[in-house]
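Have a look at the structure below, then the notes.
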Amino acid sequence: MAQATQDTAIRTGRVTRTLIYLVLLLFALFYMLPLYVMVVNSLKPLDEITGGGMMNLPEMWTLEPWRKAWSEAQIGVEPTGLKPYFWNSIQMVVPAVALSTVLGALNGYVLTKWRFKYDTILFGLMLFACFIPFQIVLIPMARVLGVLGLAGSVWGLVLVHLVYGIGFTTLYFRNYYAVFPTELVRAAQIDGAGFFQIFWRILLPSSGPIAVVSVIWQFTNIWNDFLFGASFAAGDGAPMTVALNNLVQSSTGVKEYNVHFAGAILAATPTLLVYIVAGRYFVRGLMAGSVKG
Amino acid sequence: MGFLDIRNATKSYGAVEVLHQVDIAVEEGEFLVLVGPSGCGKSTLLNMIAGLEDITSGEIAIKGNVVNGVHPSKRNIAMVFQSYALYPNMTVAQNITFGLEMHGVPKADRDTAMQEVAKLLQIEQLLSRKPGQLSGGQRQRVAMGRALVRDPDVFLFDEPLSNLDAKLRVDMRTEIKKLHQKLGTTIVYVTHDQIEAMTLSTRIAVMNGGYVQQLGTPKEIYDNPANLFVASFMGSPSMNLVPVTVRAEANAIYAVTTTESNGEIKLAFPEPTPALKAYDGQQITLGIRPEAITDPDGADRKSTHVETLRAQVEVTEPAGSDTFVTCHLGGTECIARMRADADVAPGQVFDFAVNMEKAVPFDPRSENRIF
């Protein structure tokens, strides 16, 4: 009996424990490796990279590649750096994320609290948006954007991402609101609150966790999208991802790997920030409603 | 015409009719309890009064105005929900005043009204808290405060006590009753708990299968149940239902049954009514409340028709205030409620005193009471 207590879930043997941490540490190092390579090489002059020793720390530390990637590098025809394209991406991602999240919340609200005939079928159809591959819609979408006069503009991209995102955001909010007590909505109705008052005053303030999930998901997808950006936004209107591709894929001149690394990190920073700031709500939101609490 | 009129209200979902021709007139200041097992349509009826569900046919009128199709917020009603339905993101004070705000009441008036209600319900110290920080009983009070502050014509309660623990439930029950006596408001209250129904109401509507089985004062319902359902649903332990044979003799009518130990016994009905006489020779069901079967000393002294029957005691269950005694009558188990110190032991052959004034005969086929 006395020995048995050594083996409880809480007090696992010291050796096992060390092993577990060791393996975890190894995996962590392994996954950190690409980031390490990117960071060290973005802080080296180019000749240190071409001279081999990719894993080495820089002999001469420099921020020059970062400055170059941000404001001087040759993107397409102009030596503008990634800066203008970064702002393009911001201009696209902020309205697209905000609108798709709000519309998703509104859809979820209607689909759960204002049920109507065939609403589940409608919801099922909306879910198709989550499964249709991007490539299929390229040509019809190009046609639609042309007809609307939005082709090649940031607003065209916003529309594309909005339409694609609503399927996901609706799914999130519908499932979240499905377990939101309908009695609250009824109480608010008796209290005299209207359709939008109930939405703004009762449901939205309680939607924090799922809104975070929706924002993270949408932000990551839209920011990292390359296909729609490359297809529907030409030249100066291109988002960050397309610009990064143009920077890295340029077929003339010397390949400035240090600048490429710096540019890639710049392109990845916003999504990284979103995860760090809101990440802890992410799991909480995904788990919401799964357990009684 | 009453204060709240429900006339032939019917509710169907598609082809399924769940509420059949309900007809209830509630007077001003009345406390009507809708009671019945789950699925009997009581909550549906309440939601129809509130306007949360459509009325398929028939009418509901509040203060003489037909409210079919009128939005819930315009019926001047307030509702307390089973889950309390407090808005989780708002403080207690905001919860209470939300309805007034939605109805465009100026802030100063809202605050005065809120303070008054908070004082009445003794929740003044909770006003700045969020519902998540309150205990069950406190939430219950806030939910009532939210209803009271609106000063509605009719209060609707949807099983408001069923989420509380046993002791708190009894306390809150008393408080609701006090509140009703103090304010004299009209209340429609839904519950599946027959004790809540008995203690709170001025009138009870017992419902089952979408029908109102009986509508009456608690005493009427308890003493004169209209049918076997009401008889067995109301009261705890429930009414003993003994199969007996009617036998009409010279100037009295007897209920004849058997006990296992002592053979045939005859219990005389207090009044030989013609309706009973028509059942001469047939089997009927005799309903006897447990407290109408006692030891001879504990029998109701005001009753003029106490009959004695000799039977063997099977089990005694002392419950502190009473002792429940089980015996066999006509092949069914029969529970008697005796004084705590009644001198009775299992196996003993005992003289049970049956108060026939409180016995209710039922037709076993139609299940209705025989008058």
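The values are calculated or read from the model by the stated rules, or taken from the named source; none is laboratory data. Predicted, not measured: the structure shown is a model, and the values here were computed from it. All Cβ positions, even for glycine, are placed from backbone atoms using ideal geometry, and neighbour counts span all protein chains on display. Just so you know, the surface numbers come from the protein's heavy atoms only, side chains and all, with ligands and any DNA or RNA stripped out. Shrake-Rupley method; radii C 1.70, N 1.55, O 1.52, S 1.80 Å.
Between the listed residues A:Pro181, A:Pro239, A:Ser206, the Cα displaced farthest toward the positive end of the dipole of chain A, a dipole computed from Cβ unit charges relative to the Cα centre, is found at A:Pro181. Work the Kirkwood hydrodynamic radius out for the range A:54-180: mean of 1/r over every pair of different alpha-carbon atoms, inverted, in Å. Computed over the range A:54-180, the radius equals 17.8 Å.
Counting only lysines at least 8 places from B:Lys42 when in the same chain, those with an alpha carbon closer than 22 Å to its own are B:Lys11, B:Lys63, B:Lys177, B:Lys219. Pairs of Lys residues in chain A that lie 8 or more places apart, or on two chains, and have C-alpha atoms under 17 angstrom apart add up to 4. The label-point distance for A:Ala230 and B:Tyr13, in a model that sets each label 7 Å from Cα toward Cβ, rounds to 5.3 nm. Atom-type composition of the exposed protein surface of the range A:31-181 places 72 percent of the accessible area on carbon and sulfur (1.4 angstrom probe).
Chains B and A together bury some 1800 Å² of accessible area, summed over both sides, with a 1.4 Å probe.
When the square roots of the Cα gyration tensor eigenvalues are ordered a ≥ b ≥ c, the ratio a/c for the range B:101-162 is 1.5 or more and a/b does not exceed b/c, which makes its shape oblate. Which of the aspartates and glutamates could a cross-linker span from B:Lys182 if the Cα-Cα distance has to be under 15 Å and same-chain partners fewer than 8 positions apart are dropped? The reachable aspartates and glutamates, counting only those whose Cα sits under 15 Å from B:Lys182, are B:Glu28, B:Glu30, B:Glu116, B:Asp151. Across peptide B:97-108, the average count of Cβ atoms from other chains found within 10 Å of a residue's Cβ is 3. Please say if chain A is rounded, prolate or oblate, where rounded means a/c under 1.5 for a ≥ b ≥ c the square roots of the C-alpha gyration tensor eigenvalues, and otherwise the choice is prolate for a/b larger than b/c and oblate otherwise? In terms of gyration-tensor shape, oblate. Label-to-label distance for B:Glu124 and B:Asp300 is 4.7 nm, based on points extended 7 Å past Cα in the beta-carbon direction.
The separation of the range B:1-74 from the range B:320-347, counted between C-alpha centres, amounts to 42 Å. In a reduced charge model with +1 at each Lys and Arg Cβ and -1 at each Asp and Glu Cβ, the protein assembly as shown shows a dipole moment near 1880 debye about its Cα centre. Positive end of the charge dipole of the protein assembly as shown (Lys, Arg +1 and Asp, Glu -1 on Cβ, about the Cα centre): tell me which of B:Leu32, B:Gly145, B:Thr44 has its Cα farthest that way. Working it through, the farthest residue towards the positive pole turns out to be B:Gly145. Mean per-residue shielding of peptide A:202-211 is 2, counting Cβ atoms of other chains within 10 Å of each Cβ.
Estimated at 0.36 nm per residue, the fully extended path between B:Thr273 and B:Asp23 surpasses their Cα-Cα distance by 87.0 nm. Per DSSP H run of n ≥ 4, the term is -39500 (n - 2.57); total these for chain A, divide by its residue number, and report the mean residue ellipticity at 222 nm rounded to 500 deg cm²/dmol. Calculated mean residue ellipticity at 222 nm is -22500 deg cm²/dmol. Under a model in which nothing but the beta-carbon of Lys, Arg (+1) and Asp, Glu (-1) is charged, chain B shows a dipole of about 1220 debye around its Cα centre. Rolling a 1.4 Å probe over the protein chains gives B:Thr304 an accessible area of about 100 Å².
Mean residue ellipticity, 222 nm, helices only, chain B: the sum of -39500 (n - 2.57) across DSSP H runs of n ≥ 4, divided by residue count and rounded to 500, is -7000 deg cm²/dmol. Protein heavy-atom accessible surface, 1.4 Å probe, per residue over the range A:195-234: 38 Å². Across peptide B:75-83, the mean count of Cβ atoms from other chains lying within 10 Å of each residue's own Cβ comes to 3.
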